[in-house]
Amino acid sequence: MTAPARLTSLNIGSQTIGLAEFRVIHGRLVLMNYRFRETSLDPATGQRRDAHAALHETAVALREMMHEMHILRGPVNYAVPAQSVFARFVKLPALDAEKIDKIISFEAQQNVPFPIDEVVWDYQLVGGGMGEQIQVVIVAIKRDLLDEINNAVEETGLRTGIIEVASMGLYNAFCYNYADLNGCSLLVDIGARTTNVLFIEAGRIFSRSLPIGGSAITAAIAKEFGESFAAAEARRKRDGFVALGGAAEPADPNVGRVSKIVRSTMTRLHAELMRSITHYSAQQQGNRPSRIFLCGGGAGIPNMCEFFHEKFELPIEFFNPLQKVSVSESAPDTAHSAHLFGELVGLALRAVTVCPMELNLLPASVVRRQELEKRRPFFIAAAACILLALLGWSGYYTRAAQVAQQTAQVMRQKNDTMRAAEAQLDKLKKQITALDNVATPLITAVNDRNFWPQILEELNTRLPEADIWITELAATSGGKLLGAPEKRAAEIAPTPPPTVPPGSMARTAAAVGKSIDGIMVHGLYLYNPKQQEIVVDYLRNLAKSPLFVVNPKTPERVIKSNSVPNDTEWAFPYELQLTLRNPVKLP
């Protein structure tokens with residue numbers, strides 16, 4: 001797809017807002033500029049104020065970052081926090097493609113803990129297929145919450161393009177930068193309020209949200225030191241690191257207390273991660289992680305990698321979403337903040353390539369606007385075409401009026417000379433009509449000469465391949481046999497008058513008693529596994545013929561058979577009373 005000149009990505013975290021500008025240069029994604037801004041929390045409790053005030057602060061911070069980056073307006077892809085979105089991984093049996101949407105819609109109604117008309121939801125297939133179980137991820141967000149977030153974003157002048165879940169943006173960025181890894185990778189995104197855990201392996205993804213983050217450390221410090229959340233947050237940023245087992249105590253006892261609080265909180269997180277790994281192995285039949293990647297604001301606490309390496313005894317490293325992304329010289333230094341770009345890179349990739357996860361939670365207002373924008377060029381072209389058409393028709397009718405006047409004058413002159421020829425033509429028409437009256441019976445006789453060859457060819461072509469044959473064939477008119485001796489005619493039960501299509505009722509009524517309107521077929525069928533059903537099969541074949549009028553739904557009106565198949569006889573008679581679609585006049 002053609003990438004726009006400027007790609008703007010926005011990550012609305014629970015505490016940190018990230019805004020980045022990318023461009024595509026020579027087919028490579030380039031980071032041009034970025035800003036991160038922390039939103040203020042209640043200094044007493046460490047929680048965001050009410051939702052309306054929080055979104056207002058988000059809009060204010062976003063305007064400031066846009067001003068610093070010289071972004072006035074334009075399209076934006078943004079991510080909402082994972083804790084604001086309900087996500088559920090569902091396993092379904094192998095299904096046909098046309099049934100998947102209906103089944104997943106039913107599963108969404110069963111799994112989403114809100115009325116389905118009060119949420120915006122989307123789904124994506126994340127594994128399975130080809131006769132195996134299908135794994136689907138279903139995500140949903142409350143409609144009113146999404147509208148409030150989107151209004152806060154768009155009031156800054158940005159226009160929504162894609163709304164993604166933060167954890168799924170991380171997944172896209174990871175697949176783009178670490179496509180050559182084998183085995184299972186565990187991506188741990190330590191945020192302010194929650195820690196998002198992603199299990200990633202070939203053709204499979206699974207995520208969980210754990211209620212432990214950086215604010216849990218700050219809350220524990222505030223409780224330990226009996227100070228406000230704001231003071232505890234400042235202490236954590238100044239003195240916080242993860243205490244390692246067997247390491248020497250810091251000279252400042254308060255620093256040691258902070259490090260132990262951080263370690264205690266991270267130990268709780270380790271226990272939750274172990275439960276998540278067990279759940280993934282047991283319930284999702286996934287492999288245990290071969291490596292762990294850390295990202296998010298909480299991952300920047302000193303000694304975090306060493307702590308997890310001590311606990312898991314696995315390779316631990318920071319997730320670098322800029323591994324395959326170029327960084328412009330004009331962008332601020334990213335050496336100490338690369339692990340914060342996962343969602344921003346994942347959102348930018350949605351505009352330049354096909355991503356493995358393409359969920360999109362768009363409000364109804366944005367969907368309507370995007371559909372209108374897609375149709376706008378057609379509306380403009382249609383208006384231009386209408387205008388040109390009106391101008392063209394105006395010129396056409398002006399010229400046509402002039403030509404019509406000139407032509408009418410010429411035609412009046414010619415009309416006078418052609419009236420004599422009209423009289424001669426009338427005489428010729430009368431002669432042609434007289435000749436047609438003489439030729440029509442002759443033409444009809446020639447056409448009817450092929451009647452019996454056509455009947456025989458049609459009956460033989462549609463006869464089943466084995467176990468049935470025809471022994472006698474006779475014509476009927478008005479339900480009576482033609483050309484049969486009186487004794488033979490008395491042996492055969494009278495047939496009902498033929499049923500013909502409504503379109504030919506008048507023609508048939510005129511031909512009653514003077515035309516062949518039906519065919520009587522007698523035959524035998526062998527003792528066979530299908531028994532009398534073989535005659536019904538023959539009748540169904542004849543129903544497709546253009547020569548006969550047969551209703552396959554009422555075979556009893558056409559098939560006459562007085563014998564019941566038994567084990568003592570080898571063949572059984574049958575009779576078919578067929579109505580011709582086009583009766584043939586008798587000579």
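Before moving on, here are some points about what is shown:
- When the P(r) of the range 222-318 is calculated, the portion above 15 Å amounts to 66% of the C-alpha pairs.
- Nearest 10 degrees, 0 to 90: helix 51-68 Cα axis against the chain principal axis: 80
- The range 347-426, dipole about Cα centre (Lys/Arg Cβ +1, Asp/Glu Cβ -1), debye to the nearest 20: 340
- All C-alpha to C-alpha distances of the range 436-487, sorted into 5 Å bins beginning at zero, yield P(r) values of 4, 14, 15, 18, 18, 15, 9, 4, 2, 1 percent in whole numbers.
- Charge dipole magnitude, Cβ of K and R +1, D and E -1 - the range 100-216, Cα centre, debye nearest 20: 300
- Accessible surface, 1.4 Å probe, highest first, among residues His67, His522, His279: His67, His279, His522
- In this structure the amide hydrogen of Phe548, modeled in the peptide plane, comes within under 5 Å of the amide hydrogens of Arg581, none closer than 5 places in sequence on its chain.
- Compactness relative to 2.2 N^0.38 Å, alpha carbon Rg of the range 339-498: 2.54
- Separation of the Lys530 and Asp467 label points, Cα + 7 Å toward Cβ, nm: 0.7
- Rg and Dmax of the range 63-166, Cα atoms only, in Å: 17.2, 53
- Label corresponding to log10 I(q)/I(0) by the Debye sum over Cα atoms at q = 0.06, 0.08, 0.09, 0.11 Å⁻¹ when calculated from the structure given, among (i) -0.38, -0.63, -0.77, -1.06; (ii) -0.28, -0.52, -0.67, -1.03; (iii) -0.62, -0.72, -0.79, -1.02: (iii)
- The HN-Hα couplings worked out from phi for the range 568-573 by the Karplus form 6.51 cos²θ - 1.76 cosθ + 1.60 (θ = phi - 60°) are 9, 10, 9, 8, 9, x Hz, whole numbers, x standing for Gly and Pro.
- Folded to 0 to 90 degrees: helix 533-543 orientation relative to the chain principal axis, Cα: 80
- Between the Cα long axis of helix 364-448 and the first principal axis of the chain there is an angle of about 10°, rounded to the nearest 10.
- For the range 371-417, convex hull of alpha carbons as volume per residue, Å³: 63
- Compactness of the range 223-280, expressed as Rg and Dmax over alpha-carbon positions, Å: 13.7, 42
- Taking Lys544, Lys223 and ordering them by how much accessible surface each has at a 1.4 Å probe, largest first, produces Lys223, Lys544.
- Measuring with a 1.4 angstrom probe and ignoring ligands and nucleic acids, Ser394 comes out at about 70 Å² accessible.
- Average silhouette area of the range 98-241, convex hull of alpha-carbon atoms, in square nanometres: 13.3
- Size of electric dipole in the chain: Cβ of Lys, Arg +1 and of Asp, Glu -1, about Cα centre, debye, nearest 20: 1740
- Residues Glu569 and Asn437, FRET efficiency given R0 of 60 Å [Cβ-Cβ distance, rounded to 0.05]: 0.60
The values are calculated or read from the model by the stated rules, or taken from the named source; none is laboratory data. Predicted model, so just to flag it, every value in this text is computed and none were measured. Please note: Cβ atoms are built from the backbone with ideal geometry, for glycine as well, and neighbour counts cover all protein chains shown. Accessible surface is based on the protein model in full, side chains and every heavy atom, while ligands, DNA and RNA are left aside. Shrake-Rupley method; radii C 1.70, N 1.55, O 1.52, S 1.80 Å.
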